[in-house]
Each structure stands twice: as C-alpha cells, then as structure tokens.
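These notes are about the structure you will find just below.
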C-alpha cells in the first residue's frame, strides 16, 4: 500500500494520519474499519466475481462506498498493518457455524506484538469480533458486546468459540484454524471457490453486516435486522430502488448498478 492509499484509508476511517505499530493503534484500526467498511457480497450477487488483488480491494473499499467479505476486508487489514510496521500474516480457517466444517474458506490475520499474538478478524459477518482477540487458550475474552474463547482441538487445530446470548451458557464453534503459513495462491483458491461454487452460501444469498456503536445491522436477502444492545428491529425490504436505498442508508453501500442487475434469489 502506498502513502496516498494509506492516507485515504485512514481519512475514511477517521483515524490520525500517523499511527505507531502498537496495541492501541491495532485496536483503533480494528474498531474503525469494522464500523466503517461493511461486510457484504454484492459483487457476487452482481455476478462480477471477487478480486483479491490488493489494488482492486483498495479501489473498491477505500475510494468507493463499498465493503467486501473476508478475503477483501481482512486482506485490506493485513496490507494496512504491514504498511504501518506491524508483524502480521494471514491464516486460513474452516467455518463451523452450520455444524459441518467447510474447507479453508475464511481468511483472518495473526499479529505479533511484544511476544503476544493476536487474532484480528474484521470480516466474519454478524459474528465478527468487535476488537482484536489475544490468542490465549482457554481464557474468556470479552469485547464490548461479545464473549469469546480459543480452545485447542486435536483434529482442527484451534477453535474460536462464542458464548451464546440465549441464556444457555453454550459455547458455539465459529471457525477453526492452525498456524501454518498461508500464501497468495492459497487465498486465491479459497476465494475462487467461495465466490463461484453453488455450494457456497455467498452465491445463493445476499448478505451484509455493519457494526454500530451499540449493536449490529445485518441483511439476509430481504430481511434487515437492527440490534441495539438487546433490542431487535426487523424489516422486510421490498425489491427495487427501495432495496438499494436501504443498502445505502443502513450499510453505506452504493452499487453502480440497478436492482434488476442483481442475480435473482432462488426463491424469488
């Protein structure tokens, strides 16, 4: 990332023009990007494909009113952190939310600061951690609104688990990962499958998520959910221009396309 692009990124996120490579900066960058750049898959819905070339990601997310999914948002985060002087590299994980593990289809970032490692993930949809997570096993880790832990597993390496908010005190697996080195070709293969396979949820649904100061706004196809602490508001969107208007209002997403350019949903 060059100086011009870094300056534009920091300005868009409302951050200072100079940031030291320390824990406070890592936290500020994570929170700012998570709230500013939405998780979304509308390039897939527009049948444009998803580029993981950093120049394309920067152009889309920094210079236009768009977000992306894990390969874009965490790819951008990795480039920013490395440019600022952090020791950071990518990892690939398997998603376990449905109970059945996927292939290595989720990109996250491992950051090392003063002999402590951190997992930085700004691209996991509605379950995106709201802050960097210290990679310490069997320890309860709390953000402002979430509770996580990392546990070791003989088969999958490590799990990131989230504590259920339904009062059952259940720990749910989000994704698993190991610490093997990941290269550009690995990410390209994972991104290709995730953005093109009919077995990927991203090719059959429209999704978006954006963090707010006190909650989260999510979209699944036509269903918009706004969570503010424990209060939930649900809105069913209508097809057409009002749908595009809602993308802009709730997520800051401005598509350079018409509604009819979106791939029809399976049940539409």
### Query
Just wondering, is there one or more residues in the stretch 69-86 that are assigned to a strand (DSSP E or B), closer than 24 Å to residue 35 by Cα and within 20 Å of the chain's Cα centre (by Cα)?
no
### Task
Mind listing just one residue for me: the one in the stretch 227-257 that is over 23 Å from residue 61 (Cβ atoms) and crowded, with 16+ Cβ neighbours inside 10 Å and, of those, modelled with the highest pLDDT?
237
#### Entry: Answer from 89, 130, 35 - the residue that is out of contact with any helix residue (DSSP H, G or I) (no Cβ under 6 Å at 6 or more places or on another chain), within 24 Å of residue 220 (Cα to Cα), modelled with pLDDT of 95 or more and not in a loop (DSSP other than H, G, I, E, B)
35
### Message
Of the residues 160, 137, only one is at negative phi and surrounded by 12 or more Cβ atoms within 10 Å (Cβ to Cβ); which?
### Response
160
### Query
When the stretch 226-246 is examined, which residues are found to be in contact with a strand residue (DSSP E or B) (Cβ under 7 Å, 6 or more places away or on another chain) and over 18 Å from residue 130 (Cα atoms)?
232, 233, 234, 235, 236, 237, 246
### Query
For the stretch 185-212, what are the residues that are without any contact (Cβ under 8 Å) to a residue 12 or more places away in the chain and either outside any loop (DSSP other than H, G, I, E, B) or closer than 17 Å to residue 108 by Cβ (or both)?
185, 189, 192, 201
### Residue list for the stretch 46-67, filter: under 23 Å from residue 258 (Cβ atoms) and touching a strand residue (DSSP E or B) at 6+ places or on another chain (Cβ under 9 Å)
50, 60, 61, 66, 67
### Task
With the checklist (1) buried (at least 20 other Cβ atoms within 10 Å of the Cβ); (2) more than 15 Å from residue 54 (Cα to Cα) in hand, flag the one item residue 76 doesn't pass.
(2)
### Task
Name every residue in the stretch 166-179 that is in contact (Cβ under 8 Å) with a residue 12 or more places away in the chain and not in a strand (DSSP E or B), in order of residue number.
178, 179
### Task
For the stretch 146-154, state whether one or more residues are assigned to a loop (DSSP other than H, G, I, E, B), within 16 Å of residue 124 (Cα to Cα), without any contact (Cβ under 8 Å) to a residue 24 or more places away in the chain and in contact with a strand residue (DSSP E or B) (Cβ under 9 Å, 6 or more places away or on another chain).
yes
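The values are calculated or read from the model by the stated rules, or taken from the named source; none is laboratory data. What you see is a predicted model; the values in this text were computed from it and never measured. Backbone-built Cβ (ideal geometry, glycine too); neighbour counts: all protein chains shown.
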